[in-house]
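Participant: After the structure tokens below, expect a handful of questions from me.
The values are calculated or read from the model by the stated rules, or taken from the named source; none is laboratory data. No experiment lies behind these values; they were computed from the predicted model shown. Here the Cβ positions follow ideal geometry from the backbone for every residue, glycine too, while neighbour counts run over all protein chains shown.
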């Protein structure tokens, strides 16, 4: 069975990761695999720690899109890949990669998941999750202070200087490529049902075997 790729995109802290995880669970661990495309951020070990901290990570060019597209193509073709692993604290890739085998369904989520035409062309379903910037900032503060050891001032400055402009310049315009657009402030169960209903009622169901399980 050929692997089907589902892309989930949206602004930072819109809830796309949580939704993608819920979708993966709905399909079942033997049927779907969740990938964070943030692992394709370019390695910055050629820069000093101070220089890395000043880089704009909210531009599509921040991802190594060439490798990303090539490896998603390989998964669709039934080949295995060794996906890079990224450390947000150091802005570096770690030495170990993650060996990924093809699954019937690959659910890949990330900021720029709908920003590359070549990647869009590989997808069987594209989902965009949006939320207003103020709610996103609060979620980002909660996450980055707790999980990434960053200060409120640093998080807020980065959001206003790079995240907010990128949302308008790159992220939200990519919603035009989506098959489904969702409100990230809605309940996960509500958004999940919208996706599953779309899958079940598609004119030519590409997810027939998985949808029948739900």
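Participant: Which residues, counting only those in the range 102-124, are modelled with pLDDT of 95 or more, surrounded by fewer than 18 Cβ atoms within 10 Å (Cβ to Cβ) and part of a loop (DSSP other than H, G, I, E, B)?
Facilitator: Once the filter is applied, which keeps residues that are modelled with pLDDT of 95 or more, surrounded by fewer than 18 Cβ atoms within 10 Å (Cβ to Cβ) and part of a loop (DSSP other than H, G, I, E, B), the range 102-124 yields only 121.
Participant: Sticking with this one: So which of 139, 213, 157 ends up being surrounded by 15 or more Cβ atoms within 10 Å (Cβ to Cβ) and either modelled with pLDDT of 85 or more or touching a helix residue (DSSP H, G or I) at 6+ places or on another chain (Cβ under 8 Å) (or both)?
Facilitator: Exactly one of 139, 213, 157 is surrounded by 15 or more Cβ atoms within 10 Å (Cβ to Cβ) and either modelled with pLDDT of 85 or more or touching a helix residue (DSSP H, G or I) at 6+ places or on another chain (Cβ under 8 Å) (or both), namely 139.
Participant: Look at residue 57 and say whether it is outside any helix (DSSP H, G or I), in contact with a helix residue (DSSP H, G or I) (Cβ under 8 Å, 6 or more places away or on another chain) and at pLDDT 95 or above. Quick ask: steps written out before the conclusion?
Facilitator: Values: outside any helix (DSSP H, G or I): yes; in contact with a helix residue (DSSP H, G or I) (Cβ under 8 Å, 6 or more places away or on another chain): yes; at pLDDT 95 or above: no.
The answer is no for residue 57.
Participant: Does the range 193-208 contain at least one residue that is in contact with a strand residue (DSSP E or B) (Cβ under 8 Å, 6 or more places away or on another chain), within 16 Å of residue 15 (Cα to Cα), modelled with pLDDT of 85 or more and surrounded by fewer than 19 Cβ atoms within 10 Å (Cβ to Cβ)?
Facilitator: Going residue by residue through the range 193-208, those that are in contact with a strand residue (DSSP E or B) (Cβ under 8 Å, 6 or more places away or on another chain) are 194-195, 198-199, 206-207.
In the following step, the residues that additionally are within 16 Å of residue 15 (Cα to Cα) were identified as 194-195.
After this cut, where a residue has to be modelled with pLDDT of 85 or more as well, the list is 194-195.
From what is left, the residues that are surrounded by fewer than 19 Cβ atoms within 10 Å (Cβ to Cβ) are 194.
Among the residues of the range 193-208, at least one is in contact with a strand residue (DSSP E or B) (Cβ under 8 Å, 6 or more places away or on another chain), within 16 Å of residue 15 (Cα to Cα), modelled with pLDDT of 85 or more and surrounded by fewer than 19 Cβ atoms within 10 Å (Cβ to Cβ), which makes the answer yes.
Participant: Taking the condition more than 17 Å from the chain's Cα centre (by Cα), in contact (Cβ under 8 Å) with a residue 60 or more places away in the chain and closer than 28 Å to residue 29 by Cα, does residue 102 pass? Steps first, please.
Facilitator: Details: more than 17 Å from the chain's Cα centre (by Cα): yes; in contact (Cβ under 8 Å) with a residue 60 or more places away in the chain: yes; closer than 28 Å to residue 29 by Cα: yes.
Against the criterion (more than 17 Å from the chain's Cα centre (by Cα), in contact (Cβ under 8 Å) with a residue 60 or more places away in the chain and closer than 28 Å to residue 29 by Cα), residue 102 qualifies.
Participant: I need a count of the residues in the range 86-101 that are closer than 14 Å to residue 45 by Cα and not in a strand (DSSP E or B). Step through it out loud before you land on a result.
Facilitator: Taking the range 86-101 first, the residues closer than 14 Å to residue 45 by Cα are 86-95.
Remaining after also requiring not in a strand (DSSP E or B): 88-91, 94-95.
Here the count works out to 6.
Participant: Exactly one of (1) outside any loop (DSSP other than H, G, I, E, B); (2) in contact with a strand residue (DSSP E or B) (Cβ under 9 Å, 6 or more places away or on another chain); (3) modelled with pLDDT under 95 is unmet by residue 71. Its number?
Facilitator: (3)
Quick grid of which residues meet (1) more than 30 Å from residue 29 (Cβ to Cβ); (2) within 14 Å of the chain's Cα centre (by Cα):
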site	(1), (2)
130	no, yes
133	yes, no
136	no, no
160	yes, no
180	no, no
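Participant: Something else: Could you tell me whether residue 128 is under 17 Å from residue 56 (Cα atoms), in contact (Cβ under 8 Å) with a residue 12 or more places away in the chain, surrounded by 19 or more Cβ atoms within 10 Å (Cβ to Cβ) and touching a helix residue (DSSP H, G or I) at 6+ places or on another chain (Cβ under 8 Å)?
Facilitator: Details: under 17 Å from residue 56 (Cα atoms): no; in contact (Cβ under 8 Å) with a residue 12 or more places away in the chain: yes; surrounded by 19 or more Cβ atoms within 10 Å (Cβ to Cβ): yes; touching a helix residue (DSSP H, G or I) at 6+ places or on another chain (Cβ under 8 Å): yes.
No; evaluated as a whole, the condition is false for this residue.
Participant: State the number of residues belonging to the range 6-23 that are buried (at least 22 other Cβ atoms within 10 Å of the Cβ) and either part of a helix (DSSP H, G or I) or touching a strand residue (DSSP E or B) at 6+ places or on another chain (Cβ under 6 Å) (or both).
Facilitator: 11
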